[in-house]
Structure formats: C-alpha cells, structure tokens
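Here, each number is a calculation from the coordinates, and none is a lab measurement. Everything numeric in this text was worked out from a predicted model, so none of it was measured. For neighbour counting, all protein chains shown are included, and Cβ atoms are generated from backbone atoms with ideal geometry for every residue, glycine included.
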Amino acid sequence: MADMLKVVAIPLDDIYVPARLRKPLDPKAVEALAESIVEIGQQAPILVRRDKERFVLVSGLHRIEACRMLGETTIKANIVQSRKH
C-alpha cells in the first residue's frame, strides 16, 4: 500500500473533474490555498484514480483551481484505487 500513496506530479490538463465534484467553488478558499502554496508549497496532494488515458479527480478541486490560478501546469497527487460511483 505504501507504493500506492507515492506522491507524483500530474499535468493539470490530464485530470478530469467528474460532474458530481464540480460544486460551486469558494473563491476565498481558492485564493487562500494559492497564497499558502506560494508561501510553503502544496502540503496535501490531491487524490486521483487512473481511467485509461487520464486521471479522474477523487478529492482536491480547490487545490487544482489554486494551482491553475498560480499558472502551474502540474500538481502533486496520490493515485488511489477507487470504484466508479
């Protein structure tokens, strides 16, 4: 299991966000995360699962948007085994 939770850098463009996770974003939370990432780096990796040629977001939409706001092209992520819902 330790192998599964190895942090990897994934291109933001390779991450699909399912409709159920596209809830309204809190702009203040995204901005605060962006400031934190600038100051101390991304502390918590997002969670994604593999789906053929792409990755599907499991958790971390605000972190993705904060990285996009900063002009990042990749994000730290853990690849997990997750059932489709």
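Remarks
- Filter result for Pro18 (touching a residue at least 24 places away in the same chain (Cβ under 8 Å) and in contact with a Gly (Cβ under 8 Å, 6 or more places away or on another chain)): no
- Residues of the range 1-46 satisfying the condition of being under 13 Å from the mean Cα position of the chain (by Cα) and of a type in the set (D, E, K, R): Asp13, Asp14, Arg22
- Selection status of Ala66, among the small types (Gly, Ala, Ser) and more than 12 Å from Ile10 (Cβ to Cβ): yes
- Under the condition of being hydrophobic (A, V, I, L, M, F, W, C) and over 12 Å from Ala77 (Cβ atoms), the residues counted in the range 5-23 number 3.
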